[in-house]
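*Asks:* Submitted below is the structure of interest, expressed as structure tokens.
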Amino acid sequence: MNKPWFDQLHLMSILSYNPHSGEWTWISCPGKNKSFRNGKMAGSVRRIRGRPYNVIQIYKTSYASSRLAWLYMNGTWPEHCIDHSNCNSLDDRWGNLRLATVSENNANRRSPKHKKSNLPKGVYDVGRKLKKRYQASITVNKKTIYLGMHDTPDAAHEAYKKAANNFFGQFARTYD
């Protein structure tokens with residue numbers, strides 16, 4: 001999303017952020033209908049890259065409220081991603097937000113809902129040709145790293161968990 005031209009002080013003059021609830025309230029709404037919004041909740045839910053996010057429109061530009069929260073609390077615009085540690089992209093409480101690289105943010109995702117198998121994250125069934133063995137792999141900085149073939153899904157998942165903790169530390173999500 002776009003970096004705003006305004007700074008932390010200007011943001012604080014038009015919006016109030018509650019770090020405990022993650023909610024935003026208009027203090028002084030910029031634009032024509034100032035009295036219409038002042039004192040009201042700010043923002044709406046919009047899908048960004050297929051996921052729902054809270055978005056606030058300021059001066060005809062939409063901003064993810066999690067990125068605005070970073071500016072509001074730290075005084076700087078985040079260079080990379082803002083990760084929601086509980087994987088709920090609508091939960092903008094300050095304790096749930098953390099700065100992350102794209103790779104770290106992706107590591108904290110759940111398995112895709114369209115995944116047909118019930119295998120754990122990072123584990124793939126390679127079929128009957130290989131006598132029902134399971135492959136483990138992990139993606140780091142857009143590169144897939146092969147973690148070997150295993151006799152059971154649990155053994156493959158253990159390899160994935162070890163690699164995820166090694167590469168991503170606190171961002172490693174080893175379960176769905």
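The values are calculated or read from the model by the stated rules, or taken from the named source; none is laboratory data. From a predicted model like this one, the values you see are computed outputs, not experimental measurements. Cβ: placed from backbone, ideal geometry, glycine included. Neighbour counts: every protein chain shown.
*Asks:* I'd like to verify a number: residues in the stretch 91-102 that are surrounded by fewer than 17 Cβ atoms within 10 Å (Cβ to Cβ) and either in contact with a Pro (Cβ under 6 Å, 6 or more places away or on another chain) or not in a loop (DSSP other than H, G, I, E, B) (or both), how many?
*Replies:* 3
*Asks:* Any idea which of Ile82, Ile56 is at pLDDT 90 or above and more than 24 Å from Ala172 (Cβ to Cβ)?
*Replies:* Ile56
*Asks:* Taking only pairs six or more apart or across chains, which ones have beta-carbon atoms under 8 Å, a first residue in the stretch 128-148 that is in a helix (DSSP H, G or I), and a second residue that is at pLDDT 80 or above?
*Replies:* As it stands, the answer is Leu130/Met149, since those pairs meet every condition given.
*Asks:* Identify the single condition in (1) modelled with pLDDT of 85 or more; (2) under 24 Å from Asn2 (Cα atoms); (3) outside the structural domain of Pro19 (by TED's automatic domain parsing); (4) not hydroxyl-bearing (Ser, Thr, Tyr) that Ile145 does not satisfy, given that it satisfies every other one.
*Replies:* (2)
*Asks:* Among the residues of the stretch 4-19, count how many are aliphatic (A, V, I, L, M) and part of a strand (DSSP E or B).
*Replies:* Here the count works out to 1.
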